[in-house]
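Here is the structure we will look at, set down as structure tokens.
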Amino acid sequence: MHTSFHLLADAPAQLLPARELMAFTLASHIILVPMGVALPFITLVMHYRGLRRGDATALLLARRWSAVMAVQFAVGVVTGTVLSFEFGLLWPGLMGRWGDVFGIGFGVEAWAFFLEAVLIAIYLYGWRRLKPRTHFLLGLPLPATALLGAFGILAANSWMNTPQGFSLDREGNPVDVDVWKAIFTPMFGPQYWHFVVAMLITAGYVVAGVYAVGWLRGRRDRYHRLGFAVPFTIAAVATPVQFILGDSIARSVFHKQPVKFAALEIVWKTDTRVPEYLFGRLHPDGSVSGGIKIPLLDSVLAGFSPNTTVVGLTSVPADQRPTATQATIAHWAFDLMVLIGSVLVLLALWYGIVWLWRRRLPESTWFYRSAACAGVASVVAVECGWIATEVGRQPWIVYQNMRVAEAVTSTRSTTLWIMLGLVIVVYVFIFGSFLVILLRMRTRWRLADEQRAAGSPAPPPEADTPYGPRAPVPAGDAPAAGVETPSEGGRP
């Protein structure tokens with residue numbers, strides 16, 4: 001029997017369902033993360049433009065995006081809370097032994113979450129109820145709190161990749177914890193900025209993609225042009241930066257986690273002049289089938305020289321490295337992420353060249369088709385990035401200190417499979433409800449715009465111009481006695 005099968009046979013029965021449950025909830029939650037981290041920033045950019053130029057269309061877009069932001073945050077609360085419980089329920093060995101070392105990251109994220117909830121409520125409530133400048137200033141901390149939440153999560157994850165800031169006693173338990181070293185690990189900087197820029201790119205392309213679809217369907221008014229241009233410009237500017245940051249984090253993995261790098265590049269034996277495989281499948285005997293082989297390129301990319309030594313998977317025992325299947329999964333995820341990033345760079349260059357040359361948006365139908373697909377492609381790239389990060393670290397949950405099998409719960413595997421089924425059902429309902437709400441919001445806003453274009457009063461409050469007077473209350477719908485009505489300026 002091959003080594004991989006021995007490793008699987010020795011793993012506890014709870015390991016597979018626990019990993020599948022964690023993978024499903026994490027993959028679901030991360031779909032929402034880009035909007036939670038970057039949409040506040042994009043909204044405030046549009047908000048600032050509206051105030052600066054007295055642009056009612058920009059203010060209307062910012063207000064509607066803030067409503068989407070609030071709904072997305074509510075859904076993210078549910079999926080994020082499930083993940084928090086799973087860390088303790090599925091991986092008690094991790095939290096019980098190492099919680100005092102890296103748990104500070106989760107504490108920071110929790111504080112950021114509560115602060116963000118308060119700020120979103122104030123920002124959403126403040127439309128037409130606060131002075132324009134005051135309202136905008138109260139929204140400014142929102143991007144910072146989103147970045148703080150990402151800081152806490154990425155600090156915990158980067159510690160799992162490159163653990164430090166502790167000593168071990170005779171029983172192997174961590175002591176003498178140095179919080180600063182535990183937070184600012186060697187992988188924290190590259191991983192954090194790579195993640196933040198990825199969120200900005202993804203949110204920008206997702207939001208712009210909505211208006212790109214509208215352009216393809218013939219809606220080419222200023223509302224749709226502006227709704228497309230602002231988020232797409234932000235994402236297009238960030239895309240080349242991400243390409244540089246991606247190279248930086250890959251180089252950090254090469255130096256700090258050489259076995260993970262070997263998995264990402266399916267390098268079997270330590271050697272120089274190592275070829276690069278675009279996709280391809282690694283077999284248990286070290287051979288690679290399929291894919292495109294480019295001689296010398298892996299060594300050149302790793303150390304700028306074909307004579308660069310690249311550590312292979314066989315440099316460590318079989319129980320301390322990913323299996324051939326896991327390495328192939330990580331490799332495909334990594335290559336797909338790089339491929340999507342490369343295509344997005346070309347799309348951003350297309351946009352930039354047209355804008356610099358003609359000072360207007362592109363008019364090509366193929367450009368808007370590509371822009372409509374860019375949001376989905378960005379989400380796929382984010383998913384691939386997390387797959388490469390987590391699968392490439394196997395079999396370690398704490399790199400070179402604790403294996404995943406040592407951290408898993410003792411709950412019966414049957415119970416875990418049932419939990420997975422229930423979570424899938426609940427998440428289908430949650431995300432289905434989220435989609436229905438977004439579609440109904442879109443329909444209501446579209447009807448309001450059509451009524452405004454026809455010259456008839458639009459239904460309050462969404463269709464009113466931000467900071468402008470409220471629409472008149474129709475006869476027969478006057479408020480009850482004792483209830484205050486808003487002033488002409490739109491504030492209570």
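Derivation of every value follows stated rules applied to the coordinates shown; laboratory data play no part. This one's a predicted model, so the numbers in the text were calculated from it and none came from an experiment. Cβ placement follows ideal geometry from the backbone for every residue including glycine, while neighbour counts extend to all protein chains displayed.
Compute the distribution of all C-alpha to C-alpha distances in the chain, in bins of 20 Å from 0, and list the percent of pairs in each, rounded to whole numbers.
It works out to 21, 50, 25, 4, 0, in whole percents.
Where the Cα atoms of the range 111-168 are projected onto their three principal axes, how long is each span, largest first, in whole Å?
57, 16, 14
To make sure I understand the rule: partners must be lysines, Cα under 18 Å from the Cα of Lys293, and not fewer than 8 residues away in the same chain. Which ones qualify?
Cα-Cα hits under 18 Å: Lys269.
With everything on Cα atoms, drop me the angle between helix 324-358 and the longest principal axis of the chain, reported from 0 to 90° to the nearest 10.
40 degrees
Give the dimensionless ratio obtained when the Cα radius of gyration of the range 45-191 is divided by 2.2 N^0.38 Å. List each step's numbers first, then the result.
Working: Rg = 19.7 Å, N = 147, 2.2 N^0.38 = 14.7 Å.
After normalising by residue count via 2.2 N^0.38 Å, the value is 1.34.
Going by average Cβ density within 10 Å per residue, which order do the peptides 98-106, 430-438 take, highest to lowest?
By packing density, highest mean first, the sequence is 98-106, 430-438.
Measure nothing fancy, just the Cα-based angle from helix 141-161's long axis to the longest principal axis of the chain, in degrees from 0 to 90, nearest 10.
10 degrees
Give, rounded to the nearest 20 debye, the magnitude of the charge dipole that the range 27-174 has about its Cα centre when Lys and Arg contribute +1 at Cβ and Asp and Glu contribute -1 at Cβ.
For this selection, approximately 1080 debye.
Against the longest alpha carbon principal axis of the chain, how many degrees, from 0 to 90 and to the nearest 10, is the axis of helix 56-90 turned?
30 degrees
Give, in nm to one decimal, the length gained when the segment between Val380 and Val77 is fully stretched (0.36 nm per residue of separation minus the Cα-Cα distance).
Fully extending the segment from Val380 to Val77 adds 106.9 nm.
At a Förster radius of 41 Å, what calculated FRET efficiency corresponds to the Cβ-Cβ distance of Arg359 and Trp111, to the nearest 0.05?
Efficiency for this residue pair is about 0.35.
Hey, if you put +1 on the Cβ of every Lys and Arg and -1 on every Asp and Glu Cβ in the range 271-364, which of Thr328, Leu356, Tyr277 ends up farthest toward the positive end of that dipole?
Of the options given, the answer is Leu356.
Let me know the whole percent of all Cα-Cα pairs from the range 167-277 that are separated by more than 21 Å.
61 percent
Distances longer than 21 Å among the Cα atoms of the range 227-312: what percent of all pairs is that? If you can, show how the numbers build up before the last one.
Values: 1428 of 3655 pairs.
Considering the range 227-312, 39 percent of its Cα-Cα pairs are separated by more than 21 Å.
Counting only residues 5 or more places away or on other chains, whose amide H sits under 5 Å from the amide H of Glu276 once H atoms are built in the peptide plane?
Distant-sequence amide H within range of Glu276: Ile294, Leu296, Leu297, Asp298.
Taking the alpha-carbon centroid of each part, what is the distance from the range 294-367 to the range 6-77 in angstrom?
Cα centroid of the range 294-367 versus Cα centroid of the range 6-77: 24 Å apart.
Just tell me which lysines come within less than 29 Å, Cα to Cα, of Lys181; anything on the same chain fewer than 8 places away is out.
Within reach: Lys256, Lys260.
Run lengths n ≥ 4 of DSSP H only: what is the helix-derived mean residue ellipticity at 222 nm for the chain, with -39500 (n - 2.57) per run over all residues, to the nearest 500?
-24000 deg cm²/dmol
Starting from the Kirkwood radius over alpha-carbon pairs of the range 134-192, derive D by Stokes-Einstein at 4 °C in a medium of 1.567 mPa s and give it in µm² s⁻¹. Let's see the in-between values first.
Working: Rh = 13.2 Å.
The Stokes-Einstein estimate is 98 µm²/s.
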